[in-house]
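What follows draws every value from the coordinates through simple rules; no lab data is involved. These figures come from a predicted structure and were not determined experimentally. All Cβ positions, even for glycine, are placed from backbone atoms using ideal geometry, and neighbour counts span all protein chains on display.
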Amino acid sequence: MRWIKVFALLAVIALAACQEKQDQDTHKMDPGEMKQEMTASGEKVIYYTCPMEEHKQIHSAEPGKCSECGMELVAGVVTTEDKMEYWGCPMLAHSHVRQAEAGKCAECGMFLKPMRLVTETEEKAEM
């Protein structure tokens with residue numbers, strides 16, 4: 001009889017732990033945060049940045065203007081190797097990491113992705 005009580009207690013604890021884990025997994029992100037913007041050609045927008053090479057450290061999660069020169073920010077998108085302009089880190093905070101060759105981000109170690117900048121004019125032409 002004692003073994004049955006011990007087993008029942010362990011089963012209850014295990015089920016409670018599983019339920020808690022499931023609750024944590026299902027509520028990690030707000031649905032609004034999971035939104036991923038795409039260009040008309042189906043490329044995933046990673047960040048918005050100033051089109052001037054001197055201001056590549058300027059980045060934003062949303063469209064806007066460069067805080068240094070006032071130009072419209074353009075979309076930095078993951079693309080195919082035949083359309084790419086540079087290899088870049090796919091993290092917003094590392095939008096300034098741009099290389100001519102494939103490799104890893106010096107700041108976070110993630111593999112660089114083939115990327116390009118998409119201007120608003122180019123985006124409208126693709127539609």
Between LEU9 and MET71, what length in nm is gained on full extension when 0.36 nm per residue of separation is reduced by their alpha carbon distance?
15.9 nm
Grab the other residues whose beta carbon is less than 13 angstrom from that of ALA102, score K and R as +1, D and E as -1, and report the net.
+1
Based on other C-beta atoms within 10 Å, arrange THR119, THR79 from fewest to most.
THR119, THR79
Can you sort VAL118, VAL45 from fewest to most other Cβ atoms within 10 Å of each residue's own Cβ?
VAL45, VAL118
Of LEU10, LEU92, LEU117, how do they rank once you tally other Cβ atoms within 10 Å and put the fewest first?
LEU10, LEU92, LEU117
